[in-house]
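Bear in mind that the values in this text are calculations on the coordinates, not laboratory data. Given the structure is predicted, the values throughout are model-derived calculations rather than measurements. Note that each Cβ is placed from the backbone with ideal geometry, even for glycine, and that neighbours are counted across all protein chains shown.
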Amino acid sequence: MAEWNDPRTTGVSPTATVGVPRAARDAGLRSYMLSVYNYMASGVLLTGIVALGFANSSLINLIVNPATGQATPLFWIALFAPLAIVFALSFGIQRISAGTAQALFWAYAALVGVQFSSLFLVYTGASVAQAFFATAAAFLGLSLYGYTTKRDLSAMGTFFIMGVVGLFVALLLNVFLRSPGLNLAISALGVLIFAGLTAYDTQKIKSIYFAVAGNGEAMAKTAVMGALNLYLDFINMFLFLLRFMGNRR
């Protein structure tokens, strides 16, 4: 099955822009990247609005039982349903419409917001805000680097993707070890890995544009998928940074 993020399998020739004036290609790329960033930023905004809405109202009781402090069934739905959405988008992007892909992306961002509302029960509001703005500043710089650099980041991307696998294995291992030192190391490595992936994914999204340029449906779909990749980089970098520097209640 064709992969959305592989320009060789999109069915659109990378030579589609041959003969197109450079200024027009650059304008098309800027417009495409802007749509990716708009989707990504809107997703982060939606996540934040939902998280704050739940955390600052009685809605928080829908995901955490106030009597026992235990997670409710809605929390577990909000935790695992996004995984199903990611798989649906990743493996079904060729079969669904661009509108459906966008709706799934918004649903994903909202469900993550439900999850994130519980962070306000664990960390102080100041810590959450500090980690968010630090992540936003780092993301902007790293994504700009990925967009402008002439260096091929493919090999680095492969290394970081392997690092993600090792990172989550270490997280599962520390569930049993409960080592504060290992937890700190995991958090620091998590920030670095997703920082690197931000630059890599930005460059990959830029290269995908030249493979799908001229195909409106393909451009719309890959813009959503590119936004999802950057969104995942952002929220994971935020989570690991919060674990690393956040003050618990």
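For this structure, a couple of remarks:
- Residue-averaged 222 nm ellipticity for the chain, from DSSP H runs of 4+ at -39500 (n - 2.57), nearest 500: -26500 deg cm²/dmol
- Distance between modelled label sites at Phe91 and Ser42, nm, 7 Å Cα→Cβ extension: 2.8
- Inter-part distance, region 111-161 to region 227-249, computed on C-alpha centroids, equals 5 Å.
- The chain: radius of gyration and largest Cα-Cα distance (Dmax), Å: 19.2, 67
- Against the chain, whose longest principal axis comes from its Cα atoms, helix 154-177 is set at around 20 degrees.
- Computed E for Ile49/Arg25 - FRET, C-beta separation, R0 35 angstrom, nearest 0.05: 0.45
- For Phe132 and Arg249, the FRET efficiency from 1/(1 + (r/R0)^6), where r spans their Cβ atoms and R0 equals 22 Å, is about 0.80.
- Distance between the C-alpha centres of region 71-87 and region 177-197: 24 Å, rounded to the whole angstrom.
- The slack between Val164 and Thr149, meaning 0.36 nm per residue of separation minus the straight C-alpha distance, is 3.1 nm.
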